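Novice: Below is one structure. I have some questions about it.
Computed from the coordinates by the stated procedures, all read-outs in this text should not be read as laboratory data. Since we're looking at a predicted model, the values are computed, not measured. No Cβ is skipped: glycine too gets one built from the backbone with ideal geometry, and neighbour counts run over all protein chains shown.
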Amino acid sequence: MCTGYVWGGRSPFFPGDDSFLDDGHCADQIVPSLNSPSRSSPKSNSSDYPGERYSRKVFVGGLPPDIDEEEITASFRRFGSLVVDWPHKAESKSYFPPKGYAFLLFQDERSVQELIDACLKDGDKLYLCVSSPTIKDKPVQIRPWNLADSDYVMDGSQPLDPRKTIFVGGVPRPLRAVELAMIMDRLYGGVCYAGIDTDPELKYPKGAGRVAFSNQQSYIAAISARFVQLQHGDIDKRVEVKPYVLDDQMCDECQGARCAGKFAPFFCANVTCLQYYCEHCWATIHSRAGREFHKPLVKEGADRPRTVPFRWC
């Protein structure tokens, strides 16, 4: 029988809400706005979550196929009040996690620490035995998220430049910021910071990340690739890379003179541009030969970037 340089787990790059539930899958790419005063420098002594070490949301995998929500809750209730969730649970109206994994949403972070203490350790993996109506004491994997793994400063001497920062979509949730930084530095060099996007309430990875480079050459090499293979341990996944799009930039051509001082709505990700444009300047610049096929990146809703066709007047 079984017994059992960091901003407090949140980066100034990553306010936002949790819209990613599938473990290791990213439904959309969220690019939050950069409104933090500490966004230009990785040097920060603040702690957003003093005393907390883990997200209150915990992944549990390898569940017995016949275990239902009530039985999962009963298996983990001894650690504290919790809710059991899994991707598309409300829509499917299923009583059983369809893919053999679920998320435990604890009311208190202390419950997560007590759960970890009760687990069996096998290398860097944690296991706890769970029973179902037909299977007794099946080891299931417990995967907590350490808040300190959300940010990693690789070169603290370099200020963070949002215009040399990339957005990485579809980041597998077990991947830590330090691992993302190492992978990108090995591929392109010049990494000074990497962060994992977490939701503000539970501080759990949302399936996206950011990487800031210290030089333009590394930044251009990364966005030119468009896709990158993240390989680390058991992880081997092709993910998309885009420029990190800001929503508080003036037009680089007219500095607001032709758009009444409003922020520029368009960013051109083509390496021959890499600039923000108001509608007037976009039309002017991209009517030139060789640039007419460039596509602007804009924000869909508040935060979501997408490529849109530009219609000429």
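Novice: May I ask for the Kirkwood hydrodynamic radius of segment 95-167, worked out over all distinct Cα pairs and given in angstroms to one decimal?
Specialist: On the way: mean 1/r = 0.0627 Å⁻¹.
About 15.9 Å for segment 95-167.
Novice: If the only charges are +1 at each Lys and Arg Cβ and -1 at each Asp and Glu Cβ, what is the size of the charge dipole of segment 57-143 around the Cα centre, to the nearest 20 debye? Numbers along the way, then the final one.
Specialist: On the way: 12 positive and 14 negative charges, 28 e Å.
Dipole magnitude for segment 57-143 comes out near 140 debye.
Novice: OK, next. In percent, what relative contact order does segment 142-235 have, based on Cα pairs under 8 Å that are 6 or more apart in sequence?
Specialist: Averaging sequence separation for qualifying contacts and normalising by length gives 34 percent for segment 142-235.
Novice: How would Leu120, Leu175 line up from fewest to most surrounding beta-carbon atoms within 10 angstrom? Please report the intermediate quantities before stating the final value.
Specialist: On the way: Leu120 14, Leu175 24.
Starting with the residue having the fewest Cβ neighbours, the order is Leu120, Leu175.
Novice: Right, here's the next one. Which of the peptides 191-204, 55-68, 225-238, 256-269 is most tightly packed, and how do the rest follow, going by the mean number of other Cβ atoms within 10 Å of each residue? Could the numbers behind the result be given before it?
Specialist: Details: 191-204: 23.5, 55-68: 19.7, 225-238: 12.9, 256-269: 17.1.
Peptide ranking by packing, descending: 191-204, 55-68, 256-269, 225-238.
Novice: Hey, another quick one. Compute the projected area of the convex hull of the Cα atoms of segment 57-143, averaged over all viewing directions, and report it in nm² to one decimal place. Provide the component values of the computation, followed by the final result.
Specialist: Working: hull surface 21.3 nm².
Seen from a random direction, the Cα hull of segment 57-143 projects 5.3 nm² on average.
Novice: Normalising by the residue count of segment 57-143, find the relative contact order in percent from Cα pairs under 8 Å and 6+ residues apart.
Specialist: Values: 143 pairs, mean separation 34.2, N = 87.
So the answer I get is 39 percent.
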